[in-house]
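Heads up: the structure comes next, in C-alpha cells.
The values are calculated or read from the model by the stated rules, or taken from the named source; none is laboratory data. What you are looking at is a predicted structure, and each value in this text was computed from that prediction instead of being measured. Glycine also receives a Cβ, built like all others from the backbone with ideal geometry; neighbour counts cover every protein chain displayed.
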Amino acid sequence: MSDFVKKDVQAQFGRNAESYVISQGHAKGDDLKKLLEIFRGDEEDHVLDVATGGGHVANALAPIVKQVTALDLTAEILRAAEKFINGNGHVNVSFVQGDAEAMPFADQSFDMVTCRIAAHHFPRVHQFIHEVMRVLKKGGEFYLIDNVAPEEEEMDHFYNEVEKRRDYSHQRALKKSEWIKGLELQGFEIYEMYSFKKKFNYDPWCDRMKLDGERKESLTRFMLNTSAKIKNKFSIEQEDNRILSFYGESVLIRAVKPDDRVKAPTTIEW
C-alpha cells in the first residue's frame with residue numbers, strides 16, 4: 001500500500017513542482033523564520049533536508065552551514081529546487097532522489113536533519129522518525145515542521161478530510177501529542193516546540209493542486225455544510241457560497257539525539 005501512496009506523491013508533486021517553488025506559504029512564513037532563529041548549526045555542519053520540496057529550507061540554510069543535502073522522492077521537484085537554489089548562487093547543496101522512509105545514507109551521516117511541511121504525505125511516519133534517528137550523529141538535532149490536526153477527534157477528522165479531498169497524496173496530519181509520543185518513543189529528547197496559526201487563502205490553495213471545478217465544488221460544499229462549531233474552530237471565512245479563507249496550525253519541534261541513548265525499537269505502531 002505504501003508503494004501506491006508514494007506513486008501518488010510523485011505524480012502529484014511532479015505535476016505541481018514549479019508551484020511549490022513560488023508558493024508564498026512555502027517560500028516564507030513564521031515557521032521558516034523561527035527555524036532560522038533557533039537553528040544551531042554552523043559552518044562545519046552537514047545538514048540533510050528531507051522532502052525538500054521547493055528547496056526553501058535548503059536554500060535558507062546553505063549560507064550558514066558547510067553542506068546541505070536536499071532529499072526528495074520526486075525527480076521533477078528536485079530539478080525545480082536545484083534550479084531555484086543554484087539561481088541564488090549556492091554551490092554547497094547536493095540533490096538526491098530518495099525515500100524519507102528508507103534514506104540512501106549511512107548511519108550517523110549528518111549533524112542536523114530538517115523536514116518542513118512534508119511529513120503528512122508519509123504513509124509510515126514512525127519509519128521516517130526511525131530513519132532520522134539512524135542518519136543523525138549522536139548529539140545531532142532534528143528540526144521538524146508540519147501541519148498538525150487538533151487534539152479533538154471531530155476536528156482532527158474534519159481537517160484531514162479537507163486536506164485529503166484537496167490533495168489525494170495527503171496521508172495524515174498528526175496531532176501535536178502524536179508527534180511528541182513518536183519522537184520520544186524513538187529515543188529523541190524534545191527541547192523546543194512552537195505553534196503557528198496558518199491562513200489558507202482558499203482559491204490559491206486549491207489552485208496549487210490544480211483542482212478541477214467538480215472537485216473544488218465538492219470540497220467547498222463539504223466545508224460550507226459543516227457545523228458552526230467546526231467553522232468557528234478553523235475560522236472559515238465565507239461569502240455567499242464561496243470560501244475565502246480558513247486557518248490551520250503548524251508546529252516546529254527541535255529534538256535531539258542523545259549522545260548515550262538506549263536503543264529504541266525499530267517498529268512502533270501509533
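Scan segment 227-239 for residues that are under 22 Å from Met155 (Cα atoms), surrounded by fewer than 16 Cβ atoms within 10 Å (Cβ to Cβ) and not hydrophobic (A, V, I, L, M, F, W, C) and jot them down. If the condition is that a residue be under 22 Å from Met155 (Cα atoms), surrounded by fewer than 16 Cβ atoms within 10 Å (Cβ to Cβ) and not hydrophobic (A, V, I, L, M, F, W, C), then Ser227, Lys229, Asn232, Ser235, Glu237, Gln238 are the ones that fit. Taking first residues from segment 211-227 that are at negative phi and partners that are loosely packed, with under 10 Cβ neighbours inside 10 Å and outside any helix (DSSP H, G or I), the Cβ contacts under 8 Å between residues at least 6 apart in sequence or on separate chains come to Thr220/Asn241; Leu224/Asn241.
Residues are listed down the side, and each one gets a yes or a no for (1) at pLDDT 95 or above; (2) within 18 Å of the chain's Cα centre (by Cα); (3) within 22 Å of Arg134 (Cβ to Cβ); (4) among the charged types (D, E, K, R):
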{"position": "His26", "(1), (2), (3), (4)": "no, yes, no, no"}
{"position": "Asp30", "(1), (2), (3), (4)": "no, yes, no, yes"}
{"position": "Lys34", "(1), (2), (3), (4)": "yes, yes, no, yes"}
{"position": "His46", "(1), (2), (3), (4)": "yes, no, yes, no"}
{"position": "Val50", "(1), (2), (3), (4)": "yes, yes, yes, no"}
{"position": "Pro63", "(1), (2), (3), (4)": "yes, no, no, no"}
{"position": "Leu73", "(1), (2), (3), (4)": "no, yes, yes, no"}
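Of all the numbered requirements in (1) buried (at least 20 other Cβ atoms within 10 Å of the Cβ); (2) among the hydroxyl-bearing types (Ser, Thr, Tyr); (3) touching a Ser or Thr at 6+ places or on another chain (Cβ under 9 Å), Tyr159 misses one, and that requirement is (3). When Phe200, Phe246, Phe188 are screened for being touching a Gly at 6+ places or on another chain (Cβ under 8 Å) and surrounded by 17 or more Cβ atoms within 10 Å (Cβ to Cβ), only Phe200 passes.
Of everything in segment 181-203 that is free of Cβ contacts under 8 Å to residues at least 60 places away in the same chain and not aromatic (Phe, Trp, Tyr), the residue that is farthest from Ala149 (Cα to Cα) is Asp203. Residues considered: Leu211, Leu224, Leu252, Leu183. Of these, the only one that is surrounded by 13 or more Cβ atoms within 10 Å (Cβ to Cβ), modelled with pLDDT under 95, among the aliphatic types (A, V, I, L, M) and out of contact with any His (no Cβ under 9 Å at 6 or more places or on another chain) is Leu211.
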